Amino acid sequence: MARIEANRDAAIALLKKVVDIPSATENTGGVKRVGEVFADELRSLGFETRWVGHLVAERRGSKGKRLLLIGHLDTVLQGEPFRRDGDRAYGSGASDMKGGDVVMIEALRALHREGALDGRQVIVVMTGDEEEPKRPHSESRAALIDAAKRSDAALAFEGYEPGMAVIGRRGIGSFHLEVAGSQGHSSGIFSETRGDGAIFEMARILTAFHDELREPNLTYNPSVVVGGTDVTYDGATASGTAAGKQNVVPRKAIVEGDTRFLTRDQLEKSRAKMKAIVEKGLPKTSATIIFKDGMPSMAPTDGNRALLCLLDGVSRDLGTGPITEHDPNKRGAGDISFVAGLVDCLDGLGALGEHEHAPGEYVELGELPKGAERAAILIYRLTR
Ligand SMILES: [Zn+2]
């Protein structure tokens, strides 16, 4: 593995090459060009490659665990060129995750040089739209899901944090609440005929959500509210209008929000509780709540823990200290979540950097060979 360090300059040159190709998610031409650069590298390492809007590269074999390695080609921002300042390299996507992709490639290069990939099945999927996956997900993630179905474990190369790896990522769901009340003169509010109005009912529901649903790893956030006698809301622009005179009991309120959860079971239970709260109802009001799935979660399973345990052993053997599990609440959703129900998963094997999704993004170049070494030995041990 000493050769990983020796190949450091070539790895940095590869990083420069891909960072200097602008590839924001919407720039599909740029995304494809970055894919072509990595496809060339992977072909030189014995992989067959194809382009399906994502780069899919595959080595066939039957020894040891069959692995899926996940990266992505797109970036949130684009246009900041590669710039080296000592041991840091700046540029759009330098850390998230062109740096991570390079870590993966360098690990595979080291293994290929030793002949350690011979007879092993390794599938690399670098998606073209990770930062904003196209809908429906069943189509845009079909290649990734197909690869997972033919694999035993998935390793993703999103950002590394010292001493930590990711065995759980929260998923995202949304809720849409509509409340109806009986419109009439404000002096009649709380009366038997007029009831409590749509806005008090909305407030009751949100207060109950606030007070009664709390549990670890679950959050729910009402993001916008419109209420009054005349109300519109447009989901596409996340904006609306409301009108209501002071002397009128309002008849309508709409609330939108999202939920973050760690397991599907947790999501289902929180939805059941929300429904029960919504159904209670103040006098002369009614409400309905609709739920939508956004991103699945990556639940922290025993299988994921076993992968972490292996990585921890690799890191200790390399003298770089223990690796423990990252707090799932501090991590957003990622591509690996789409395959979490299918294979054991481990994420956070990529580059060490900062200011992802922001100007001034950089990656620590000194950490690239260390990450590649850790990944190479992990892959080696998994595929024996
Ligand atoms: Zn990323």
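If you filter the stretch 127-160 down to residues that are farther than 16 Å from K98 by Cα and among the acidic types (D, E), you find that the one that is nearest to the ligand (Cβ to nearest atom) is E132.
Check the stretch 345-355 and report whether any residue there is modelled with pLDDT of 95 or more, in contact with a Leu (Cβ under 7 Å, 6 or more places away or on another chain), among the acidic types (D, E) and crowded, with 20+ Cβ neighbours inside 10 Å. No, the stretch 345-355 contains no residue that is modelled with pLDDT of 95 or more, in contact with a Leu (Cβ under 7 Å, 6 or more places away or on another chain), among the acidic types (D, E) and crowded, with 20+ Cβ neighbours inside 10 Å. Condition check: more than 21 Å from the chain's Cα centre (by Cα) and either away from the ligand (no atom under 16 Å from the Cβ) or at pLDDT below 95 (or both). Does D302 satisfy that? Against the criterion (more than 21 Å from the chain's Cα centre (by Cα) and either away from the ligand (no atom under 16 Å from the Cβ) or at pLDDT below 95 (or both)), D302 does not qualify.
For (1) more than 13 Å from the ligand (Cβ to nearest atom); (2) among the basic types (K, R); (3) at pLDDT below 95; (4) over 14 Å from the mean Cα position of the chain (by Cα), each residue gets a yes or a no:
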position: P328; (1), (2), (3), (4): yes, no, yes, no
position: R331; (1), (2), (3), (4): no, yes, yes, no
position: L365; (1), (2), (3), (4): yes, no, no, yes
position: A376; (1), (2), (3), (4): yes, no, no, yes
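E279 meets all of the listed conditions (1) under 29 Å from D344 (Cα atoms); (2) more than 16 Å from the ligand (Cβ to nearest atom) but one, namely (1).
The single condition among (1) touching a Gly at 6+ places or on another chain (Cβ under 8 Å); (2) without any contact (Cβ under 8 Å) to a residue 24 or more places away in the chain that A6 does not satisfy is (1).
Just one of (1) in contact (Cβ under 8 Å) with a residue 24 or more places away in the chain; (2) surrounded by 14 or more Cβ atoms within 10 Å (Cβ to Cβ); (3) in the same structural domain as G334 (by TED's automatic domain parsing) fails for A142. It is (1). Checking each residue of the stretch 111-126 against the condition of being within 16 Å of the ligand (Cβ to nearest atom), modelled with pLDDT of 95 or more and over 22 Å from E373 (Cα atoms) gives no match. If only one of K273, K269 is surrounded by 13 or more Cβ atoms within 10 Å (Cβ to Cβ), under 30 Å from H326 (Cα atoms) and free of Cβ contacts under 8 Å to residues at least 40 places away in the same chain, which one is it? Exactly one residue qualifies, and that residue is K269. Considering (1) away from the ligand (no atom under 16 Å from the Cβ); (2) among the basic types (K, R); (3) out of contact with any His (no Cβ under 8 Å at 6 or more places or on another chain), say which one R169 fails and leave the rest. Evaluating R169 over (1) away from the ligand (no atom under 16 Å from the Cβ); (2) among the basic types (K, R); (3) out of contact with any His (no Cβ under 8 Å at 6 or more places or on another chain) leaves (1) as the failure. If the condition is being surrounded by 15 or more Cβ atoms within 10 Å (Cβ to Cβ), touching a residue at least 60 places away in the same chain (Cβ under 8 Å) and not in a strand (DSSP E or B), then the stretch 223-263 contributes P250, R251, L262.
Filtered by the rule that a residue be in a helix (DSSP H, G or I), farther than 13 Å from V76 by Cα and free of Cβ contacts under 8 Å to residues at least 60 places away in the same chain, the stretch 11-40 gives A13, K17, G29, R33, E36, V37, A39, D40.
The stretch 76-169 holds helices (runs of 4 or more DSSP H) entirely within its bounds, and those carrying 3 or more residues that are in contact with a strand residue (DSSP E or B) (Cβ under 7 Å, 6 or more places away or on another chain) map to 100-113, 142-149.
E131 meets each of the listed conditions (1) surrounded by fewer than 24 Cβ atoms within 10 Å (Cβ to Cβ); (2) over 20 Å from V76 (Cα atoms) apart from (2).
The values are calculated or read from the model by the stated rules, or taken from the named source; none is laboratory data. Values in this document were obtained by computation on a predicted structure and should not be read as measured data. Quick reminder, even Gly has a Cβ in these numbers, built from the backbone with ideal geometry, and neighbours come from all protein chains shown.
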